[in-house]
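Inspection log for the structure reproduced underneath, given as structure tokens.
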Amino acid sequence: MSCDQYQCALSGPLLDLYSGKTQLTDIWNKTPLLTWKAVYIYAAWVSFQVFLYMALPDVCHKFLPGYVGGVQEGARTPAGIINKYEVNGLQAWIITHILWFANAYHFHWFSPTIIIDNWIPLLWCTNILGYTVSTFVMIKAYLFPTNAKDCKFTGNFIYDYMMGIEFNPRIGKWFDFKLFFNGRPGIVGWTLINLSYAAKQQELYGQITNSMILVNVLQAIYVVDFFWNEAWYLKTIDICHDHFGWYLGWGDCVWLPYLYTLQGLYLVYNPVQLSTTAAAAILLLGLVGYYIFRMTNHQKDLFRRTNGNCVIWGKKPKFIECSYTSTDGKKHHSKLMISGFWGVARHLNYTGGPDGVSVLLPRLWLRPLTALFLYHLHDHFARPPLYPRRASMLQQVRQRLEALYRCRPVSTAPGNILIATISFRDIHGRTVKVLSILIGQFWFYKAYRISFSILKKKKSLGSSGA
């Protein structure tokens, strides 16, 4: 609504409401409603992505060196099941964009600005699908779950609805809700939305600014990277840990395509032509961020696949070996790598990723992504079933940090230990990471009561503060 009526100025409607120039009902009445045109567009879009997902087995892996596609196995579920997936996201992305450009330059079936021209009505459509999917999978979990042993009933209706009950809800053998909605239609649509913004700039101003080109190029790199590594994604937290509910269902349908593309939407209403120097600097920042993002993930994957028997930055990686006892009484061992980028900071891939780089550029991602980060922080380090394992590992991390940098969080809560690890692992010459974390924690300080102590660095690190 802010972009539609106030050229993306978030303070505009608030100031008008405060001064009495307008009423909330006036803003609401000016908001475009759901239209049948938007319904047809969105229904066709989702149906097309379902067709690409279900009906076209992947062929890209047969001629693209290094790409892993086709039928792949996921991680073992808590019930001991290993699901198989048809990994064909890259193929779907390529086909979709070939058709998009073919339409824009030859067939002219629809305007390239069709997405932004129906932006708010499409928002209603995405919300309808998001809530419909979230409600359906909850009902399905009670009546016909894919695997009853992988269901998690907490007894709290709101929590079960938001976080999900089923681990891997499926229809038939191959339609997996998690994989489809995490990758399609939101992420495939991400780059199409940016292209629609660029087309709108061309229509309104007769040119596409270099800032809009940067948004399209840099964000497309991450989208293509996601689909190139879709088989690897099967072993990540979204697939291996999270249950499928509103958090993923609504988030993938609404949050991802509408929040992650706001930079381009802003540039439609506020075109910015950067100097060559500024554009080159931003491009370099984005590419360096992508390198950190990709290499950090690669190092973790290599360490896990080889059980630490590998070379990272020319050396055998160092790690902290931890043992813990699970709730069933079994003793387990785990390794926490502290070499390479993982010796610089925990999850430096978040700093190099689009969410981390956005701290310096489009600031709008900062607050909601920090909220997501803190949710995962609490969920993965404070939940009772995992706490014994995490507490043991984090205690060893804490001891190592204190020995290396004399860094002591005020509280002994696991969350604070992890925050200290991320923020203070090595601040000398690496202030971007520190700033990105500290800004986020400052915003949510009262809600989460996260506190930090003064970092007393050794003389070898110099005397400058963070």
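The values are calculated or read from the model by the stated rules, or taken from the named source; none is laboratory data. None of these values were measured; they are calculated from a predicted model. Neighbour counts run over all protein chains shown; Cβ positions are idealised from the backbone, glycine included.
Data overview
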read-out: T261 of a type in the set (V, I, T) and more than 16 Å from the chain's Cα centre (by Cα); value: no
read-out: Pair list, Cβ under 7 Å, 6 or more apart: segment 133-147 residue closer than 10 Å to E166 by Cα, other residue part of a helix (DSSP H, G or I); value: V137/F177; V137/G249; M138/D160; M138/Y161
read-out: Residue ranges of helices (runs of 4 or more DSSP H) in segment 268-374 with at least 1 members buried (at least 16 other Cβ atoms within 10 Å of the Cβ), among the aromatic types (F, W, Y) and at pLDDT 70 or above; value: 276-306, 348-352
read-out: Flag for I120 being at pLDDT below 95, in contact with a Pro (Cβ under 8 Å, 6 or more places away or on another chain), assigned by TED's automatic domain parsing to the domain that holds V71 and not in a loop (DSSP other than H, G, I, E, B); value: yes
read-out: Residue, surrounded by the fewest Cβ atoms within 10 Å (Cβ to Cβ), within segment 49-91, restricted to residues that are more than 25 Å from N147 (Cβ to Cβ) and among the β-branched types (V, I, T); value: V59
read-out: Helices (runs of 4 or more DSSP H) wholly inside segment 163-238 that include at least 2 residues being without any contact (Cβ under 8 Å) to a residue 40 or more places away in the chain and surrounded by fewer than 19 Cβ atoms within 10 Å (Cβ to Cβ); value: 210-228
read-out: Failed item, numbered, when F244 is tested on (1) surrounded by fewer than 20 Cβ atoms within 10 Å (Cβ to Cβ); (2) not β-branched (V, I, T); (3) not in a helix (DSSP H, G or I); value: (1)
read-out: Residue match in segment 56-76 (condition: assigned to a helix (DSSP H, G or I), on the phi < 0 side of the Ramachandran plot, more than 26 Å from the chain's Cα centre (by Cα) and not β-branched (V, I, T)); value: yes
read-out: Complete set of residues in segment 22-52 that are β-branched (V, I, T) and not in a helix (DSSP H, G or I); value: T22, T31, T35
